[in-house]
Amino acid sequence: MKIQNDEVRAIIAETLAEQHRIQQESIDAIVLKAVASVLASFGIEDDDRKELRADLQHLRRWRRSVEQAQTYTFKAVITVIATGLMGAVWLGVKVVLGK
C-alpha cells in the first residue's frame, strides 16, 4: 500500500495543526497562571476581579474630572486676567478723558 503525496501532506498538516492547538492551550494556561500569580502578589484574588474593575473605573472617572476641573480653572484664570486688563485700560481711558 503506497501513500500518496496528498495524503502525506494532509497527515502532516493535521499533525501540525494539532501541535499548534496544544501549544496554544499550553501558552494560554501559562499566561493565565502568570497573571493570576502577579495579581495575587498584589493581594488581589480571583474573586476580587469585579471590585478591581470597579475601582479602576472609579479612578478613571476621578482622573477625567480632575483634568476637566484643571481646564475650567485655566479658563477662569485667563478670563480674570483679561477682565482685569480690560478694566485697567478702561480706567486709564477714563482718567485721560476726564482731564
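Among the numbered conditions (1) within 20 Å of the chain's Cα centre (by Cα); (2) small (Gly, Ala, Ser); (3) not in a helix (DSSP H, G or I), the only one that SER65 does not meet is (3).
Taken over the range 1-37, the criterion of being β-branched (Val, Ile, Thr) and either surrounded by 10 or more Cβ atoms within 10 Å (Cβ to Cβ) or touching a residue at least 40 places away in the same chain (Cβ under 8 Å) (or both) is satisfied by VAL8, ILE11, ILE12, THR15, ILE22, ILE27, ILE30, VAL31, VAL35. Determine whether ILE44 is outside any helix (DSSP H, G or I) and of a type in the set (A, V, I, L, M). Spelling it out, ILE44 is indeed outside any helix (DSSP H, G or I) and of a type in the set (A, V, I, L, M).
The numbers here are math on the coordinates, done by the rules we state, and not lab data. None of these values were measured; they are calculated from a predicted model. No Cβ is skipped: glycine too gets one built from the backbone with ideal geometry, and neighbour counts run over all protein chains shown.
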